[in-house]
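The values are calculated or read from the model by the stated rules, or taken from the named source; none is laboratory data. This one's a predicted model, so the numbers in the text were calculated from it and none came from an experiment. FYI the Cβ positions are ideal-geometry reconstructions off the backbone, even for glycines, and counts take in every protein chain you see. The area values use the complete protein model at the heavy-atom level, side chains included, leaving out ligands, DNA and RNA. Shrake-Rupley method; radii C 1.70, N 1.55, O 1.52, S 1.80 Å.
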Amino acid sequence: MLTGKFMKLDLKSDLFKMRHSAAHVMATAVCRLYDDVQLDIGPPTAEGFYYDFDLPHRLTPEDFDVIEQEMAKVIAEDHPFECLTVTRAEAQQMIRGRGQRFKLERLADIPEGESITFYRCGEFLDLCRGPHLASTGGVKAFKLLSVAGSYYRGRETNPMLQRLYGTAFANDKQLRVYLKQLEEAKQRDHRKLGKELDLFSIQDEVGPGLIHWHPKGARIRAEIESYWRDAHLQGGYDLLYTPHIGRAGLWETSGHLDFYKEGMYAPMEIDDNPYYVKPMNCPFHIKIYQSQKRSYRDLPLRWAELGTVYRYEKAGVLHGLLRVRGFTQDDAHIFCTTEQVEEEIARAVRFAIAMWRTFGFTAITAYLATRPDKAVGDPARWAQATASLEAALQAEQIPYETDHGGGAFYGPKIDLKVKDAIGREWQMSTVQFDFNLPERFQLTYTGEDGQAQVPYMIHRALLGSLERFFGIMIEHYAGAFPLWLAPEQVRVLPLTEKQRDYALAVGEQLRQVGVRYSVDERSEKVGAKIRHAQLAKIPYMLIVGPKEAADGTVAVRARPLGDVGSRKMDAFLATLLQEQTSRALATTMEPSPKG
């Protein structure tokens, strides 16, 4: 199954072992086929496996068949995977004997006192923790997928290696299903559709990871934001707007300059004071909280912001809308009392589910991440916060797994994953307690007893970022957005020049009720106009010829039904507006009865 990056690998699972073993089989084949191969790492992943190589030959997809044939030989030879536990001196000698300079550096990363192991399969020997299958013969259905550049250790100042990707499954049927899904994902790729539908672009002259929303994409964003704001106001939130920059002292107090500086952009000097563009919105919301004294009567405070933040991401990980450097978070922070915690968590979870269902995502699962060994905050508050998170998931009957020790050092959290139209899972919504920032900023409120109390602070993001969410939406709908989100909802197609005036009159009726439309006035045949509108993925086409002009009707084509018959304009508009206001995910237009 294709997944988002959140999928966790079970180190003991047969699939993990098979993919890890397949990476070694692939490396064995590459070393047999090419000279002067330097090896780095070759782990399994949520979607398969990869191995990083440095070799004079530039790998291309044309090499895949030859490598796969050699892999098949290694599998047929059924070499056992033999684990060797050695001393550091023995390991150094083994690596030097094979001339593997990257492996020597990886060996130095292993802490003193920790076991050092190698795995051998046939002539191939690799510094590796394992685990693996019993033998290479256990690797079943596999396929090489792609090759890409990858900086050694992910640092742009280091050598560029060649990362060869593959996947492996227990049988051919599972592999075929995956490859079909992968092909479907290529057709739905938001970068491809974004260009074809003129939704967004990334301009080299401006900089990588910085998104330009084109008119059509901006129209969809406006609809998303409008719904988001209305839903939050109806859900008891207040909206905030905060600055894009803040003095260095703010980020020192928050701890970002201690723990997150590598993800922040260099400071700018303003009036002899260093300022940073914000990587997060939290400190600004906290400063608003601190702008006046707070009482238990004021709580809970639910504050939400569509706040644009900037984070440094390495060039190699940037990926269209899904991984960017400037993005708008649908951020919210809830400040509440001990007694309010459980209900606020339940509200946030219900809110997230309702919002995802509105956008057409119904398969939702969750992870509950609990206290790690190193954590800040009172253990009793951790226990209550974790219990509140778990109670909310159980009350809403959401399937979840417990990620023991997987919480951040500053609080436990719920991560919600949604499944898209082709079965991929994406980590999206987060409900996160924070025991760190209230302590750093010394947040308090006056309790019923008149004493200063520390509020619970909950970070909450539903869509994550608008950029990433939009990318996932493009792929989920393959660019064919439901009516309420479509940048162009209706296109009017006059059959000939003689129907132009009637087509414009139809358009005026659409405009008066707020429908997003256009009139195709080109001197093209109607078939070409229909094809053009289909490629633009427009929900409705209204074809008007002499009969329609005489009768005051329109011939309706609905996506994806095709021709649904003739309609009076008032009847068509009634159906259209009901579909719009209900945020229907598919057409509600019924074909006209025949005869």
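State all residues of the range 91-116 that are of a type outside the set (A, V, I, L, M, F, W, C) and under 11 Å from Leu127 (Cβ atoms); if no residue qualifies, say none. Gln92, Arg98, Gln100, Lys103, Glu105, Arg106, Asp109, listed by residue number.
Here Tyr276 fits the description: farther than 27 Å from Cys336 by Cα, of a type in the set (Phe, Trp, Tyr) and open to solvent by less than 40 Å² (accessible area, probe 1.4 Å).
Residue check: Gln453 meets all listed conditions (1) within 30 Å of Gln181 (Cβ to Cβ); (2) open to solvent by 30 Å² or more (accessible area, probe 1.4 Å); (3) touching a strand residue (DSSP E or B) at 6+ places or on another chain (Cβ under 8 Å); (4) not basic (Lys, Arg) but one, namely (1). Residues that are surrounded by fewer than 17 Cβ atoms within 10 Å (Cβ to Cβ), within 22 Å of Gly320 (Cβ to Cβ) and either free of Cβ contacts under 8 Å to residues at least 12 places away in the same chain or not aliphatic (A, V, I, L, M) (or both) within the range 135-183 comprise Ser146, Gly149, Gly154, Glu156, Met160, Gln181, Glu183, listed in sequence order. Here the range 491-521 is the region considered, the condition is being under 40 Å from the mean Cα position of the chain (by Cα) and open to solvent by 40 Å² or more (accessible area, probe 1.4 Å), and the residue that is nearest to Met569 (Cα to Cα) is Gln509. Does Val418 satisfy being over 16 Å from the mean Cα position of the chain (by Cα) and of a type in the set (Val, Ile, Thr)? Here the answer is no, as Val418 does not meet what is asked.
Here's the yes/no breakdown for (1) touching a Gly at 6+ places or on another chain (Cβ under 8 Å); (2) on the phi > 0 side of the Ramachandran plot; (3) modelled with pLDDT of 95 or more; (4) in a loop (DSSP other than H, G, I, E, B):
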position	(1), (2), (3), (4)
Gln442	no, yes, yes, yes
Gly464	no, yes, no, no
Phe470	yes, no, yes, no
Asp501	no, no, yes, no
Ala505	no, no, yes, no
Val515	no, no, yes, yes
Ala533	no, no, yes, no
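Among the residues of the range 31-52, those that are under 21 Å from Asp109 (Cα atoms) and charged (D, E, K, R) comprise Asp40, Asp52.
The residue that is nearest to Leu504 (Cα to Cα), among those in the range 548-574 that are open to solvent by less than 40 Å² (accessible area, probe 1.4 Å) and under 34 Å from the mean Cα position of the chain (by Cα), is Ala558.
Tallying residues that are open to solvent by 10 Å² or more (accessible area, probe 1.4 Å) and either without any contact (Cβ under 8 Å) to a residue 24 or more places away in the chain or assigned to a loop (DSSP other than H, G, I, E, B) (or both) within the range 43-58 yields 8.
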